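Just below is one structure, and these are the notes that go with it.
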Amino acid sequence: MNTKATEPGRTKRRWYILVFLAPATLIYTIFAIYPIIESLRLSLYTAGDGQASFIGIANYLKLLGEPYWADQFWNAFKNNVVLFIMHMLIQNPIALALAALLSIPTLKGTAIYRTVFFLPTLLSVVVVGFIWQLILSPLWGVTPDAMKALGLGQWFRPWLGLESSALVTVTLISIWQYVGIPLMLFYAALLNIPEETIEAARIDGLNGWWIFWKVKLPLILPTLGLVAILTYIGNFTASFDLIYSIQGGLAGPDFSTDVMGTFLFRSFFGFQAQLGDQYMGATVASALFFIILVGVGCYLFGVQRKLQRYDS
Amino acid sequence: MRRTRDHLTSTAIHTVLIAWTLLALFPLVLILINSLKTRKAIFGDALGLPTGKALSFKGYESVLTNSDFPLFFSNSLTVTCVSLFFILLFGAMAAHAVSEYEFKGNTLISLYLIVGIMVPIRLGTVALLNLIVKLGLTNTLTALILVYTAQGLPIAIFIFSEFLRSVSREIKDSARIDGLSEYRIFFEVVLPLVRPVIATVAVFSMIPIWNDLWFPLILSPGEETRTVTLGVQQFIGQYTVKWGSVLAALSVAIMPVLVMYIIFSRQLIRGITTGAVKG
Amino acid sequence: MATLALKSVKKAFGDTTVIQNMELTVENGELIVFVGPSGCGKSTLLRMIAGLETLTAGEIHIDGERIDHQPPSNRGIAMVFQSYALYPHKNVRGNLGFSLKHAGVDKTEIDKRVNVAADILGLQDLMDRKPRELSGGQRQRVAIGRAIVREPKVFLFDEPLSNLDAALRVHMRVEILKLHQRLKNTMVYVTHDQVEAMTLADRIVVFRHGAVEQVGTPLELYRHPANRFVAGFIGSPAMNFLKAHCGSGHVTLNETVFCSRQHTDGDVTLGIRPEHLKVDVHGQLHGEVQVFEHLGGEAFVHLTLDDGQTLVAKLDGEHHLRPGERCVLGIDPRKCHVFDSTGLRICTD
C-alpha cells in the first residue's frame, strides 16, 4: 500500500533520516539496552579487593547451588509460577467472560461497565495494596463483619499475615487490580470480529453460548496468546510493586510471598540483615532475563506455527 | 416465549456485570467515605456515610501538613508529562523515519527499536543504577524521565509506525511539491496525522509511569524527588496506626487519577480499543 | 504552457527495471494520457516527472530546460493526486493558498490567484470549509484548484478520479476536459481506465511492463492498434480474439474463409470488435447463444462458436435472443485485425 518514497536530490546526504532516528535510538540504547547487556556482563564478575574480577558462571552456580541463594531463588521462582498459574486460570478467564458479556451488541450500559472495570487498573499499586490490607485487616472489622453477616464468620483469618495464605491473597488482590488489561484486549479483539460472521453463525442455528465457543473464541486466539505472554512477562517483573507495598522487602511472612522481583531487589540493594551485592543482583536479573526469554521464545515459536497453519 | 427468555438472559448477564462492578468499586468507595470520618466512626460504623458527628477532616489535615504531598504530586506530574512528551515526540520521529524512507538497515533498526516491548527494562537495573550514579543523576527527576522515556519508546514506535504505514504518502508528496523540507513535512503534515493514535500511545505509556514504584524507589528516593506512588508508600509505612491519616493519604493519591479518568474515560477507552486492535 | 520531453529515461529499483528507455515529446498545450494496467510503470513515470522519484538514466526537459535534477517545487509542475492529499487542518482557502504562502508570494497575489481558481472550479461558497466537510467531488476540485494556483507549466494528474463513484467520475471527466479547453495548459494524465483515456486525451501512451506499446491519438489506437495488447486494452467491451489460420493469402477460421490478405502462413489471431459484428444469415460465424444481456438501447450476446471459441457481439436493442438459440454473425473484413503469433498486428488494408 504505502511504498517508501525516494526523495529528489538523492545524491545529497539524507541527514534528516539520522536526525529523526537519533534521539529515540540514543535514549533507548543507553537507558534500556545497554543496562541489560551490562547487567548480563556484571553477572560474570564479582567484587574482589576493590576491583571487579571475572569469574565466569561462578555466580550462577552460587545462585543455584549455595543453599543461602538457592533456597531463596527456588522459593521465589516457585511463588512466581504459582502467581502465573493463578493469573492465567483466574484473571484471564474472568477477563474473557466479562469481555464476552460486554461485547454482546444488544447490551445496554456497556460504556459505564467498561469505565468501571478499568478503574482499578489505573490506580497505583501502592494504593491498591494498602486498601486491601485495610479491608482484610482483622483490626478494622470490615471483612469479619461482612462474613459474619453471610454466616461465614468463623472462616475469617488474617490471610495476609499467614504464611499459608499470604501468597494466594496477594495474588487475588493483583488479579482484582489487573483484570482490566486483558479485559480491554479481549474486548477490542471481540469487537473486531465482523458482524456478518456472527450473523452467518446465527443463521446456521447456533445460539449465543455456542457462538462464543465455536466462532468467537477461535477467532481471538492470537489475542489469547498475546495476553498469555503479557501475563507471563508482567508476572515476573511487575509483581514486585504490589508485594513490596503490602509485605515489604522481605516479602513476609517469612518469604512466603517472595517473588523474583523482590528477590532481585534484595540481592543488589540489600535489606536489613542481607547485604547488597550488585554482582549477585546482576546474576539474579540475568536469570530472570533468561526465564523471560524462554517464555517469549515459546510464544514467538508458537505464533509462528499458528500463522503457518492458517496460511496452509 | 423468546422475549421472556431474552429477558432472563439479560437479567442474568447484568447481574454478573453488576456483581463485578460492586467488587471493583466497593473498596474505593469504602476508602473514600472513611477518609472523612473520625476514628471512632471508622471503626464503629465502617460502612456508614461520613455525616454529622462522624465527619472529620483530621486525616486530610495530617496528610497535607505532615508530608509533602503537593510536592510529590507535582513530581509525578512532571515526570509523567515530560516522559510522555519525549516518548511521543521521539517515538513519532523514529516511526516516521522507519516507515517513510527507504535506507539500508531500515528493517534492522525497526526490529531493534521494537524488541524492547518484550524486554522489561527493570532487568538492567543494576547497571542502570551504576550508570545513573556515574552521570551524577541520582535523586533527580531527570533520571526517572530518561528511564521512562527509554521504557516507553518501543511500544510508541511500534504503534506509530503501524499507523503511519497505512497512511497514504500522497499528502507528503504534495507537500514536497509545494517545496517543504522533510523536517517541516514531519512537523506540519505528519504529526497532525497521527493524532488518532496519540491517545493510544499515551494510555499505554502513562499508566506504568505514574504508578511505578520500582524506579523512584531505586533511583530517586530522596525527599525532594519523591513521586506520589513512593510518597504514599513511605507515608503509610510511617503512619500505619493513624487510620484516618492513612485513609486520607490513599484518597489523596486516588483523587487526581479518578478525576482525570472520569474526564478522559471515553478517549482513553477508545484509545485502548483502537490500539489493541492492531496488536 | 510548455513542452515536455523525456529522453532515454530509465528507472530501475535494484535489479528490476520498471521503466525501459522512454522517449517522448509532449507538445505545448497537449493533454497526453498515460494508460495501462496496474504496475505498468505509468505512475512511476509521472512521479519522475514530478520529481518524487529519481531517474536511473536519461533526462527530462520542460520548455527545453533540463529539470530532472531540480526539486519538485522548482520544476514548474503541479500535481493532482488520487486521494486529493488536502491538508486536513486547513480550510479550502488555506489549502489553495498554501504553496504560495510557503513560497513567500505577496498576499494580494495569493488572494488573486486563489479567487481565480475558486471561480474556475465553482468553489466560492466552500472557501471556509475544512476538507472533512466536503464531498469527494468537492475535494477533488480543491485538489485541482491547488494545482491551478501554482500557475505551473505542466499539470500532472495521478488517477484523480479513481476514488469517485461512477456517476461522479463521468461528471468530473467532462469538467477536466472543459478545464483543459479553458486553460490550454500542457497536461499529463495517468489512468488505468481506458474510457477516461479515450475521452480526455489528445494523445494516448499505452504502457505495459515499463515499456511503451503505442503512442497515438485515441482514434489511431482504436482503428490501428499496433499489437494485440493495445487492441485488447482500448475499447469496451474488449475486442474478441479468435484463433485462426493463415494460408496462401487466406485467413481461415475452421473451414470458413472470409478475408484474404497477403502474409506469411501460420497460426494467427483474428481480432474483431463486438461492435463490428452483425446478425447476418450469410455470416461466417455460427454458434449457440450462451448469455444475452439487454441494456435497452443495445444488447450484448455471448456466443459459443461451433469450434468451441467464445465471443461477444454488440447489437442494437431491437434484437432479442435466448440462451440455447442458434445464431449467425457476419463481419466486415475491413474492420478486422490480424495478429501474428507474437501479438504484432500484421495487416493494413
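What follows draws every value from the coordinates through simple rules; no lab data is involved. Keep in mind that this is a model prediction, so the values were computed, not measured. Neighbour counts run over all protein chains shown; Cβ positions are idealised from the backbone, glycine included.
Below are the figures for this structure:
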| read-out | value |
| --- | --- |
| Dipole of chain C [Lys/Arg +1, Asp/Glu -1 at C-beta], most positive-end residue of C:Cys327, C:His171, C:Met127 | C:Met127 |
| For residues of A:128-136, the mean tally of beta carbons on other chains within 10 Å | 5 |
| Anisotropy class of segment A:139-298 from Cα gyration tensor, a/c 1.5 cut | oblate |
| Beta bridges by DSSP in chain C, antiparallel share as percent, to the nearest 5 | 75 percent |
| Rg/Rh (Cα only; Kirkwood hydrodynamic radius) as it applies to chain B | 1.08 |
| Chain A - charge dipole about Cα centre, Lys and Arg +1 at Cβ, Asp and Glu -1, debye rounded to 20 | 980 debye |
| Residues of type aspartates and glutamates that C:Lys101 reaches as a straight line, Cα spacing below 12 Å, ignoring anything fewer than 8 places off in the same chain | B:Asp178, C:Glu109, C:Asp111 |
| Sum of -39500 (n - 2.57) over DSSP H runs of 4+, divided by residues of the protein assembly as shown (222 nm, nearest 500) | -17000 deg cm²/dmol |
| 3J(HN,Hα) from dihedral phi, segment C:204-214, Karplus parametrisation 6.51/-1.76/1.60, rounded to Hz, x for glycine, proline | 10, 10, 9, 9, 8, 6, x, 10, 7, 8, 6 |
| Alpha carbon centroid spacing (whole Å) that separates segment A:135-190 from segment B:165-188 | 54 Å |
| Chain A: most fluctuating residue of A:Ala189, A:Ala238, A:Ala200 per GNM, C-alpha cutoff 10 Å | A:Ala200 |
| Protection proxy ranking of C:108-117, A:277-286 - average other beta-carbon atoms within 10 Å, highest first | A:277-286, C:108-117 |
| Per-residue HN-Hα couplings for segment C:12-21 [Karplus 6.51, -1.76, 1.60; θ = phi - 60°; Hz; x = Gly/Pro] | 9, 9, x, 8, 8, 8, 9, 10, 9, 5 |
| Base-10 log of normalised Debye intensity for the protein assembly as shown (one unit scatterer per alpha-carbon) at q = 0.05, 0.08, 0.10 Å⁻¹ | -0.46, -0.94, -1.18 |
| Lysines with Cα under 23 Å of A:Lys216, excluding same-chain neighbours fewer than 8 positions away | A:Lys108, A:Lys306, B:Lys278 |
| Zone residues, segment A:80-94, relative to A:Ser164, backbone N less than 20 Å from point 7 Å out along Cα-to-Cβ | A:82-83 |
| Gyration tensor (alpha-carbon) shape descriptor, segment C:4-232, a/c threshold 1.5 | prolate |
| Hz values of 3J(HN,Hα) by residue in segment B:137-154 - Karplus curve (6.51, -1.76, 1.60), Gly and Pro given as x | 10, 5, 6, 10, 5, 4, 4, 4, 4, 4, 5, 5, 4, 4, 5, x, 4, x |
| Magnitude of the charge dipole, the protein assembly as shown, Cβ model with Lys/Arg +1 and Asp/Glu -1, debye to 20 | 1860 debye |
| Anisotropy class of chain A from Cα gyration tensor, a/c 1.5 cut | oblate |
| Lys, Arg +1 and Asp, Glu -1 on Cβ, resulting dipole of segment C:4-232 about Cα centre, debye, nearest 20 | 420 debye |
| Shielding by partners, peptide B:95-103 (average Cβ within 10 angstrom, other chains) | 6 |
| Computed Rg/Rh of segment C:44-165, alpha carbon atoms with Kirkwood Rh | 0.99 |
| Inter-chain shielding of C:141-149 (mean C-beta neighbours from other protein chains, 10 Å cut-off) | 1 |
| Exceeding the 24 Å Cα-Cα cut-off - candidates C:Lys178/C:Lys314; C:Lys178/C:Lys278; B:Lys104/B:Lys172 | C:Lys178/C:Lys314; C:Lys178/C:Lys278 |
| B:Ile262-B:Ala12 FRET efficiency (beta carbon distance; Förster radius 35 Å; 0.05 resolution) | 0.75 |
